[in-house]
Structure formats: C-alpha cells, structure tokens
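The values are calculated or read from the model by the stated rules, or taken from the named source; none is laboratory data. All of these numbers come straight from a predicted model, not from anything done at the bench. Every residue, glycine among them, receives a Cβ derived from its backbone with ideal geometry; neighbour counts consider all protein chains shown. Heavy atoms of the whole protein, side chains included, go into the accessibility calculation; ligands, DNA and RNA do not. Shrake-Rupley method; radii C 1.70, N 1.55, O 1.52, S 1.80 Å.
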Amino acid sequence: VQLQASGGGLVQHGGSLRLSCAASGSSSRIRAMAWYRQAPGKQRELVAGITSGGSANYVDSVKGRFTISRDNAKNTVQLQMNSLKPEDTAVYYCNADTYYAGITYWGKGTLVTVSS
C-alpha cells in the first residue's frame, strides 16, 4: 500500500486547509485510515481516525474544528481543518491500518504552518 498526501501549506490563524491522502496498491487490506501529526520537539500524535464503516474519532484539541472523511470507493481520506491555530503547526502524516495485525502504512508528511 502506498499513501500519497497533499494539501499542506501556510495559513493564517483562523484559516482553513484541507488535507487529502490517496491509497494505492493493495488498498483492500486497509481497515482504518488516520491522520497523525508531529510538531517540532514533540511526539507524533493521532489527530483523527476513521474506520471503513465511517466511525471517526478525534483528539480533544481538534474536536469541533477538524473533520475526517473517507471515500472507500476512491481509497481516499480527507482532513478538513477549520479555525486553525498556531499550535496546529506540524507535519501531518496519513496512516493506513490493515486487517493484518501489526501491519500499518505511512505516507510522507505534509507540512501545515499556521501563522499567528
């Protein structure tokens, strides 16, 4: 499985960005998809995840501002980010978790910078 993420960039405080991630290859293996982020000097954290059935979860800091969605037919996952804050600045990574224990895939990160 290969994951290609896009949509990062520079935005002002309060602005919006939409991240997209497309999965290719053996995408039928994918059970759930998620977005993680890693800010400078911090550990990578789960931002939002969504199962193939559409159940979504979010880290508390983004609830009400971010929305994750998934198109199973196109093997894509999006993250709509609204009301962005400087603390959302990070490299965002797309992740695909499979039905096979311990097998997960990562895309290359995309940088999101929120200016104050």
Inset, instruction - Could you pull out every one of the lysines with an alpha carbon less than 25 Å from that of Lys63, ignoring same-chain neighbours closer than 8 positions? - result: Lys42, Lys85, Lys108
Inset, instruction - Could you work out the local net charge near Tyr100, counting Lys and Arg as +1, Asp and Glu as -1, over the other residues with Cβ closer than 14 Å to its Cβ? - result: +1
Legend entry - Relative contact order %, the chain, counting alpha carbon pairs below 8 Å whose residues are six or more apart: 37 percent
Inset, instruction - Calculate one ³J(HN,Hα) per residue across the range 45-55 by plugging θ = phi - 60° into the Karplus curve 6.51 cos²θ - 1.76 cosθ + 1.60, and present them in order as whole Hz with x for glycine and proline. - result: 10, 6, 8, 7, x, 8, 7, 5, x, x, 6
Legend entry - Dipole magnitude of the chain about its Cα centre (Cβ charges: Lys, Arg +1; Asp, Glu -1), debye to nearest 20: 100 debye
Legend entry - Dipole in debye (nearest 20) - the range 29-71, about Cα centre, beta carbon charges: Lys, Arg +1; Asp, Glu -1: 100 debye
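Averaged per residue, what accessible surface does the chain expose to a 1.4 Å probe, in Å²? All intermediate terms of the calculation are to be shown ahead of the outcome.
Numbers: 6130 Å² over 116 residues.
Roughly 53 Å² per residue, with all protein chains present.
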Legend entry - the chain: mean projected area of Cα convex hull, nm²: 6.7 nm²
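Report in % the part of the accessible area of the chain that belongs to carbon and sulfur, leaving out ligands and nucleic acids; probe 1.4 Å.
On the way: 2930 of 6130 Å².
The nonpolar share, carbon plus sulfur, comes to 48 percent.
With charges set only on the Cβ (+1 for Lys and Arg, -1 for Asp and Glu), what does the dipole of the range 1-61 come to about its Cα centre, in debye to the nearest 20?
Dipole about the Cα centre, nearest 20: 140 debye.
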Inset, instruction - Give, as a single signed number, the net charge of other residues whose beta carbon lies under 12 Å from the beta carbon of Ser6, with Lys and Arg counted +1 and Asp and Glu -1. - result: +2
Legend entry - Extreme residue, positive dipole direction of the chain, given options Thr98, Leu19, Phe66 (C-beta unit charges): Thr98
